[in-house]
């Protein structure tokens, strides 16, 4: 009798284990976030969604998209979710019918300029491009046109739109402005503005004093300034260009419900608070700003059309190359 009871007890425990310890659903994320930010994002999401495990692959947006497009051309869809640098790249995915339209309940909390109207992607943060100044520089610029003044000749560095995605979006934004346009970039070239590499090179040039001014993304300059670097970041009066680090669901994802929860988490107040804690400007306007940033109301965002920029990318690169390298 004791043996029979033991066998029955063992059988009941064995049957109970699969019911109580269920395997987590696995979600695959492709992201261009820095490794530390990606891990913090995944950890926070998994803490709120313990039934979902996120596996993530990280690289720069250009390299990541090259990898993804190679996989897609082979008929392989590995990621469920994309979290990459810019909306122009997302527009190319929309054009190729690779993304899934999802109307998040959090859409109402965002300005229309920050998401695709059909729900194919949503911006999660605002990474703006403005002016960085070495604090020993003689003048303090307040707007973009200052960088083209004779007194700034050979003192300005900027990332090349042939290398940096944010710089390419910046180029598209400023050349669409009626008061700047392509003439502004011709003026910058005439003023011997150094245009090469990415934002990191601009930071190094201005912080070291080899250049007095630069064009750079906000968080990089503000973060280094708070660490003691002899620089300050300036939000130009005309406004700033922006990349929004959008999130999107792949059309062929086999885990769409889990993917929707990931998107919703990033757009929720908790997800946006995490963006703030990581030192970036959250996309939601009801969340504060990071230390070192001015009030949200004082930051003017310039108009930007991602779909139009995608159509003009090749022409914009060619025209910039003609001006600066021709």
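Points to keep in mind about this one:
- Label-point gap, in nm, between residue 153 and residue 76 - each point 7 angstrom along Cα→Cβ: 5.6
- Residue 139-residue 237 pseudo-label distance in nm [points 7 Å out on the Cα-to-Cβ vector]: 1.4
- Helical content of the chain, expressed as a calculated mean residue ellipticity at 222 nm, amounts to -13000 deg cm²/dmol (DSSP H runs of 4 or more residues, -39,500 (n - 2.57) each, divided by residue number, nearest 500).
- Normalising the average separation of contacting C-alpha pairs (under 8 angstrom, six or more residues apart) by the number of residues puts the relative contact order of the chain at 24 percent.
- R0 of 25 Å, Cβ-Cβ distance residue 325-residue 111: FRET efficiency to nearest 0.05: 0.10
- On Cα atoms only, tilt of 165-175 relative to the major axis of the chain in degrees: 50
- Scoring 72-78, 127-133 by mean Cβ neighbours within 10 Å over their residues and listing the highest first yields 127-133, 72-78.
- Here the spin labels are modelled as points 7 Å beyond Cα on the Cα-Cβ line, and at residue 46 and residue 196 they lie 4.3 nm apart.
- Protection-proxy order for peptides 296-307, 30-41, 263-274, each taking the mean of Cβ atoms within 10 Å per residue, highest first: 263-274, 30-41, 296-307
- Rel. contact order, % - alpha carbon contacts under 8 angstrom, at least six apart, the range 221-326: 26
- Share, in percent, of DSSP beta bridges within the chain that are antiparallel, nearest 5: 60
- Degrees separating the helix 2-20 axis from the principal Cα axis of the chain, which is the longest one: 20
- Global form of the range 194-253, assessed from the alpha-carbon gyration tensor, a/c cut-off 1.5: prolate
- Paramagnetic reach from residue 186 (point 7 Å along Cα→Cβ, amide N under 19 Å) across the range 302-326: 315-326
- P(r) histogram, all alpha-carbon pairs of the chain included - 20 Å bins from 0, percent: 30, 51, 14, 4, 1
- Subtracting the Cα-Cα distance of residue 57 and residue 210 from 0.36 nm times their residue separation leaves 51.4 nm of extension gain.
- The relative contact order of the range 245-289 comes to 23 percent, based on Cα pairs under 8 Å that sit 6 or more residues apart.
- Residue order, fewest to most beta carbons within 10 Å, for 120, 110: 110, 120
- DSSP-defined antiparallel bridges as percent of all bridges, the range 128-278, nearest 5: 75
- Tensor-based shape of the range 224-305 (alpha-carbon gyration tensor, a/c under 1.5 rounded, otherwise prolate or oblate): prolate
- As an equivalent ellipsoid, the range 261-326 spans semi-axes of 33, 17, 11 angstrom, where each value is the square root of five times an eigenvalue of the C-alpha gyration tensor, largest first.
- For q = 0.13, 0.18, 0.20 Å⁻¹, Debye-computed log10 I/I(0) when each Cα of the range 171-326 counts as one equal scatterer: -0.81, -1.28, -1.38
- Sorting 86, 109 from the fewest to the most surrounding beta carbons within 10 angstrom yields 109, 86.
- Between the Cα long axis of helix 199-208 and the first principal axis of the chain there is an angle of about 50°, rounded to the nearest 10.
- Three-way shape call for the range 50-180 based on the alpha-carbon gyration tensor, with the a/c threshold at 1.5: prolate
Read-outs throughout are calculated quantities, based only on the coordinates presented, and are distinct from any laboratory measurement. Note that the structure is a prediction, hence the values are computed from the model and not measured. Every residue, glycine as well, gets a Cβ built from its backbone with ideal geometry; the counts of neighbours run over all protein chains shown.
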